[in-house]
Amino acid sequence: ATPTALLAGTSRGSQLGILIRSAQVLEDTRGANTIVMDKTGTVTEGKLEVVDAVEFSDNRNLMVRAAAAVEARSEHPIAQAIATFGQKSGSLPAVQNFESAPGGGVRGNVELDGATHTVVVGQQSFLEAEGISLTSDQQGQLRAQQESGFTTVIVALDGNVAGLLCLQDTPKSDAISAIEKLKSQGLRPVLLTGDAEPVARAVATQVGIDPHDVFAGVSPEDKVEKIKQLQSEGRVVAMVGDGVNDAAALARADLGIAMGSGTDVAMEAADLTIMRSDLESIPTSIRLSKATLKLIK
Ligand code: ADP
Ligand code: MG
């Protein structure tokens, strides 16, 4: 290989805001035929906002403030959105016995309206593991919100389902065009997320990913298993993500791509970092790698 050409490739990359860990990365990029994309913060902006609260109990204010208080202790984008939303209804009480389950939800105890409440907020499987189940009517309402594309979490107070919080996220403005380019470069886009299936499908449809290529409800550990499975099917896998929960999968992929807006852990695990966190930089990196390698061969 001509070191000059490789150097030129990596330095052109840095001008474009693409940080390439080593020249070897350019080789790996060439063979990729599948691009696995994390949903929240990668395909979408990751700036969630609570747009609706559905209460099953009669105390909406209690549900909202209790959920917000506990979420104020978490750094997840869902948590920050819920905390911001709850602050509009009054100051948030202190939290005791806070616990967080990555990819599941949070729990804690709060004192509100003169009583101590046990609060659990998260996805359905997390609540079920806590012994809290939804009635079929509540489940129907949850599904309807998810099918509209809202990331929806359940709030339980003292062991009973109190309501739902529905959050909106928006696909990045360049998602459709970047995914179109990746397809024309011969890469098959796959969406991988811990969020629920109906939400993931709604996003996939909006950005041009085949609903058959959606893997939802995937825990951080299972993201790695999914990459291994695709590789065992003979696919050469590029993966793009931003979270702590994506790091192991990025390291396992044939080519790991991190978003610059994401966590340090993701960037450390990746071969390539997109500084501007735009999706268009991914087809650009692939084009750059191929052009650089052509100069060498
Ligand atoms: P993603 O793959 O979209 O980044 P995560 O693996 O972080 O998602 O989370 C998966 C799901 O777990 C979320 O969609 C949500 O239902 C639930 N969840 C995770 N963290 C929290 C939290 N702090 N509060 C409530 N729910 C959460
Ligand atoms: Mg993410």
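All of the numbers you see were taken from the coordinates with simple rules; none came from a lab. Please read all numbers here as calculations on a predicted model, not as lab measurements. Here Cβ is always computed from backbone atoms with ideal geometry, including for glycine, and neighbour counts include all displayed protein chains.
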Worksheet item: Roughly speaking, what is the stretch gain from R287 to D174, that is 0.36 nm per residue apart minus the C-alpha to C-alpha distance, in nm to one decimal?
Response: 39.0 nm
Worksheet item: By how many nm would the segment from N33 to S11 lengthen if fully extended, with 0.36 nm per residue of separation less the alpha-carbon distance?
Response: 5.4 nm
Worksheet item: Between Rg and the Kirkwood Rh of segment 100-225, both from Cα atoms, what is the Rg to Rh ratio?
Response: 1.06
Worksheet item: Against the longest alpha carbon principal axis of the chain, how many degrees, from 0 to 90 and to the nearest 10, is the axis of helix 3-15 turned?
Response: 40
Worksheet item: Shape of segment 44-119 from its Cα gyration tensor (a ≥ b ≥ c, root eigenvalues): rounded if a/c is under 1.5, otherwise prolate when a/b > b/c, or oblate?
Response: oblate
Discussion item. Normalised radius of gyration for segment 77-153, please: alpha carbon Rg relative to 2.2 N^0.38 Å, two decimal places.
Written reply: 1.19
Item to complete: Give me the distance in nm between label points sitting 7 Å out from Cα along the Cα-to-Cβ direction at Q96 and N160, one decimal.
Response: 2.2
Worksheet entry | Theoretical FRET efficiency, 1/(1+(r/R0)^6), r = Cβ-Cβ of K183 and Q231, R0 30 Å, to 0.05 | 0.90
Item to complete: Quickly estimate the mean residue ellipticity at 222 nm for the chain, helices only: each DSSP H run with n ≥ 4 gives -39500 (n - 2.57), and the total goes over all residues, rounded to 500.
Response: -12500 deg cm²/dmol
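Cut-off is 10 Å between beta-carbons; in what order do D169, D242 appear when sorted fewest neighbours first?
D169, D242
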Fill in: Extension gain (nm, one decimal) between S136 and D210, 0.36 nm per residue minus Cα-Cα
23.7 nm
Worksheet item: Using Cα atoms only, what is the angle between the long axis of helix 281-296 and the major principal axis of the chain, expressed in degrees (0 to 90) to the nearest 10?
Response: 20
Practice prompt. State the number of lysine pairs found in the chain whose Cα atoms come within less than 14 Å, restricting to pairs 8 or more positions apart or on distinct chains.
Written response: 4
Discussion item. Loop only by DSSP, 14 or fewer other Cβ within 10 Å of the Cβ. Give me the trypsin sites (Lys or Arg not before Pro) in segment 1-55 that pass, ordered by residue number.
Written reply: R21, K47
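Under the rule a/c < 1.5 gives rounded, and otherwise a/b versus b/c splits prolate from oblate, where does segment 157-297 land using the Cα gyration tensor?
Here segment 157-297 falls in the prolate category.
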Item to complete: Taking only Cα atoms and a 10 Å spring cutoff, compute GNM fluctuations for the chain and point out the largest among G13, G140, G163.
Response: G140
Worksheet item: If you line up the long axis of helix 220-232 against the longest principal axis of the chain, both from Cα atoms, how many degrees apart are they, to the nearest 10?
Response: 40
Worksheet item: So what is the relative contact order of segment 49-168, in percent, for Cα pairs below 8 Å that sit 6 or more residues apart?
Response: 29
